[in-house]
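Comments concern the structure below.
The values are calculated or read from the model by the stated rules, or taken from the named source; none is laboratory data. As the structure is a prediction and not an experimental result, all values here were calculated from the model. Virtual Cβ from ideal backbone geometry, glycine too; neighbours counted across all protein chains shown. We work out accessible area using only protein heavy atoms, side chains counted, and drop any ligands, DNA or RNA first. Shrake-Rupley method; radii C 1.70, N 1.55, O 1.52, S 1.80 Å.
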Amino acid sequence: NPTMSDHLTFLLLGLGSGAVIAALAIGLVVTYQASGVVNFAHAALGTFCAFAFYEFRTSGELVLPVIGIPSRIDIGGVPTVTTAFIACLSLAAAMGTFLALVVYRPLRQASELARIVASLGVLAYLIGVIGLRFGAGATALRIDSVLPGGLQTIGSIRVPTDRYLLALIVVGVGAVLWAVSRYTMFGIRTRAVAENERGAVLLGIRADRIAVANWILASVLAAAAMILAAPITRLDAGSTSLLVVPAIAAALIGGFRSIPLAVAAGLGLGMAQSELQNLRTQWDWLPDVGLQDGLPLLVIIVVLVMSSNPLPARGSLGSANLPTAREIPHAEWVAVAATLAALVVMWVGGSGWRLALIVSAVATIGALSVVVVTGFTGQINLAVTALAGIGAFTLVKFDAFIFPIGLVAGVLAASCVGVAIALPALRVRGLTLGMATLAGALAVQSLVFGWDWFTGGLAGSTIDPASIAGIDLRIDAVGDNFPRRAFGLLVLTVSGLCVVFVAR
């Protein structure tokens, strides 16, 4: 039976991940105050710098993130911890400067949607470049803790020292930045830019310099946190980059304004997630899924329900242009003509052409979701592929029924989950809705796709071939018969009908 000391131990163990969440939340608050951008790539930037640090310590080569220039700089030996730390923090500062000046400054008067898309593009780029630069070799990195080791014993509670130290460092940094924002000229100017950028510029404040300085500060903080916490949280291009989701939840609790509240919320989230992992092992009735990853979604939903405007308003130099939803003349007839042409190519084309058309048609159906939500209403849904996955796995569960009952059931299941994610966000738009759906996507990945009964676990799921009126609708075939024309014709027909439906 679990004792009180067991619960306290796991709560204190969560100080490590909580400190990382808190540090990332500080960076999100700082960059939002300075430039009005919620940087979805914030954790990914820190992740790249952490990979670069431990690669530098292992091989003596400093890895750079820019495609098209030499990927590594060899210094001819293994650097000291201090040298590697300074080099990678300098790299983070350079990356932050680039993002502030090259990526986001030109988008100052663009729509909120455009800034979200740019941030997601940076996130995808950094995750991809981590794979290109480190690849399978990342598993060979020597990730030794920079912080002192050992255990701290308080009664029957024994917790590694680095958890306490990391939490103290983040709390100290948060306290210093809070004091800077309140009592220094730099902090006052940053607040002035956040409240009324036009007025600040008229008073002679260089808003661009303020933004660059804050982006550098946030980037360095993210890199330092990821480097120090790597032995605790484990480095992975995808999952570590998605630590931005609980950081967004912590920043929302602080209203993207209060650093102390963001730090406290980040530490609390990390501790609560650690305790949830403990409870999952202690209580048999809890499902064996990643409940801790659903906690940020719950926090975001509560904040959205309690506040219809969770993000503070910012003054800007100009009014942002809202995205337009243009009506395409004769769109349905264009869709019909394109579908008929594709059907002809599917019937007479070779294997490569058929496969290309099938992949394109499937991608078209998924893209229509973005067309409806983003193109027609100017909003953004970051859970599109998570909903698609729910539909696919539901189809598998209805495999025993006659086709296309499973297909319809999958669509209905994905629609219900989408509505469940969207209901708490009905009063919000734009950036806030994007944050809510990103948290929803992460929750679906952990809570639903981590459910072995639903997905088949590591073995995956299989489905019996479908058929209509005796026509075999499998995709697999031998040689040039792959993919089967019947399957391709089905996919193209469904895709064409979806396009016409959306156009109408």
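Miscellaneous remarks
- Cα gyration tensor, region 387-475 - rounded (a/c under 1.5), prolate or oblate: prolate
- Computed with a 1.4 Å probe over protein heavy atoms only, the accessible area of ILE468 comes to about 80 Å².
- Around LEU407: net Lys/Arg minus Asp/Glu count, Cβ-Cβ under 14 Å: -1
- The chain - percent of accessible surface contributed by carbon and sulfur, probe 1.4 Å: 67 percent
- For region 361-410, the average shadow cast by the Cα convex hull is 3.7 nm², which is a quarter of the hull's surface.
- C-alpha long axis of helix 161-183 to longest principal axis of the chain, angle in °: 80 degrees
- Rounded, prolate or oblate (a/c below 1.5 giving rounded, otherwise prolate when a/b exceeds b/c) for region 333-439 by Cα gyration tensor: oblate
- Theoretical ellipticity at 222 nm over the chain - DSSP helices of four or more residues, -39500 (n - 2.57) apiece, nearest 500: -21000 deg cm²/dmol
- Nearest 10 degrees, 0 to 90: helix 42-59 Cα axis against the chain principal axis: 70 degrees
- Based on C-alpha pairs under 8 angstrom that are at least 6 apart in sequence, region 95-185 has a relative contact order of 12 percent.
- Heavy-atom accessible surface of region 163-216, averaged per residue, reaches 57 Å², computed with a 1.4 Å probe.
- Over the chain, relative contact order from alpha-carbon pairs under 8 Å, at least 6 apart, %: 22 percent
- Intensity falloff of the chain expressed as log10 I(q)/I(0), Debye formula with alpha-carbon point scatterers, at q = 0.06, 0.12 Å⁻¹: -0.33, -1.20
- Placing +1 on each Lys and Arg Cβ and -1 on each Asp and Glu Cβ, with no other charges, gives the chain a dipole about its Cα centre of roughly 1360 debye.
- In degrees, nearest ten, helix 430-443 long axis to first principal axis of the chain (Cα): 80 degrees
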